[in-house]
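Structure, as structure tokens:
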Amino acid sequence: MPAIDPDLIPADLFPVIDALCATGAQLSAVIARGPLGQSLGAGVGENSDGDQQKALDVMADEMFEAALKPAGVRHYASEEQEVVLTLDAAGPYALAIDPLDGSSNIDVNVTIGTIFSIFDAVADPTASFLRPASEQIAAGYIAYGPQTLLAVTFGAGTLLYVLDPETGRFVLASEAMVLPVAAKEYSINASNRRHWTAPVLAYVEECEAGETGAKGKTMNFRWVGSLVAETHRILTRGGTFLYPSDARKGYEKGRLRMVYEVAPMAFLVEQAGGQATDGKTPILSLQAGALHERCPLVFGSAEEVARIAALHG
Ligand code: AHG
Ligand code: MN
Ligand code: MN
Ligand code: MN
């Protein structure tokens, strides 16, 4: 029994998407038990990006790696692994994954997720991922929240599936998500304000001025701390998200990683009619120079992303 309704999934990619969904359903059950099961939020080490690894980060990575091995994935690049792993030397795909996104929210019962990006594999493992984001053939996220759901694109719109807990199967909920062109909400880690560049500060000040400023309308502020949760909210009802470069050491390119966070979210958002840039340049025209490289990310409602680009001159 497949873990997802197969009708709209390209047949050659189906084994990969099915393996992701089967593992997502298992993880969802582990996450739902929280403290009744094994310890999920305990610190267990540090990854190559300097992030603290929690037990669930490592467990999710191991589960996806094992499930994707027989699914046609040749190269596996994970946030939690320093180098690309070869899972099946004959497999056609290169898959990048953030196995568990939003790990600071594990212990507080707030939405967390999994993000993935798929390319056609080329011979060199790392070179398979250091390509323009526009060469992705699929991208998606699984959100573990009040509902467990999958948003996925194969380059022909963004599809939404919801996990039916009664059957353990992801069922189609929308064939074409539409990200509203206008926004009423913005998201940025406001505690970093003192480090921001002038264009980012100018945009936030416009939002804060609300109906008394250039926008002429109130803008609400939201920050969850899980990229998957912010992206799902914005895909559903519009808004903007910024994780810009800032003046902190190590944040010259923001916080988010190009290969397994920025590129897949940009593909999903653009396929739903939104836009994604690094502040100015479309993410889909950019490529990472190294596997764990970061990239500033601005995405959301087209009008707002264009306004932010204009402020960047
Ligand atoms: P991860 O848990 O995979 O390391 O990703 C965390 C990311 C992202 O989910 C979120 O948008 C951002 O980091 C939160 O950043 P702050 O720590 O600045 O809030
Ligand atoms: Mn991390
Ligand atoms: Mn992440
Ligand atoms: Mn992660």
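The values are calculated or read from the model by the stated rules, or taken from the named source; none is laboratory data. Note that this is a predicted model, so its numbers are computed, not measured. A quick note on method: Cβ atoms are made from the backbone with ideal geometry, for glycine too, and the neighbour counts reach across all protein chains shown.
Candidates Leu13, Leu8: the one that is closer than 21 Å to Val122 by Cα, in contact with a strand residue (DSSP E or B) (Cβ under 8 Å, 6 or more places away or on another chain) and not hydroxyl-bearing (Ser, Thr, Tyr) is Leu13.
Would you confirm, using the coordinates I've provided, whether Ile31 is touching a Gly at 6+ places or on another chain (Cβ under 7 Å), within 16 Å of ligand 1 (Cβ to nearest atom), under 23 Å from Trp223 (Cα atoms) and in the same structural domain as Gly140 (by TED's automatic domain parsing)? It is false that Ile31 is touching a Gly at 6+ places or on another chain (Cβ under 7 Å), within 16 Å of ligand 1 (Cβ to nearest atom), under 23 Å from Trp223 (Cα atoms) and in the same structural domain as Gly140 (by TED's automatic domain parsing).
Counting only residues that are within 16 Å of ligand 2 (Cβ to nearest atom), part of a strand (DSSP E or B) and out of contact with any Pro (no Cβ under 9 Å at 6 or more places or on another chain), the range 230-264 holds 1 of them. Looking across the range 50-95, the residues that are out of contact with any Pro (no Cβ under 8 Å at 6 or more places or on another chain) and acidic (Asp, Glu) come down to Asp51, Glu62, Glu65, Glu82.
Scanning the range 1-18 for residues being surrounded by 20 or more Cβ atoms within 10 Å (Cβ to Cβ) and more than 12 Å from Phe170 (Cβ to Cβ) gives a total of 1. For the range 87-118, name all the residues that are within 14 Å of ligand 2 (Cβ to nearest atom), part of a helix (DSSP H, G or I) and aliphatic (A, V, I, L, M). Ile106, the sole residue that qualifies. Consider the range 73-120 and keep the residues that are touching a Gly at 6+ places or on another chain (Cβ under 7 Å) and without any contact (Cβ under 8 Å) to a residue 60 or more places away in the chain. The one that is nearest to ligand 4 (Cβ to nearest atom) is Val73. Give, as residue ranges, the strands (runs of 3 or more DSSP E) completely inside the range 40-86 that count at least 3 residues that are surrounded by 18 or more Cβ atoms within 10 Å (Cβ to Cβ). Because the criterion is at least 3 residues that are surrounded by 18 or more Cβ atoms within 10 Å (Cβ to Cβ), the strands (runs of 3 or more DSSP E) in the range 40-86 that meet it are 73-78.
From the set of residues in the range 273-309 that are buried (at least 24 other Cβ atoms within 10 Å of the Cβ) and of a type in the set (S, T, N, Q), which is farthest from Phe119 (Cα to Cα)? Checked the range 273-309; the qualifying residue farthest from Phe119 (Cα to Cα) is Ser301.
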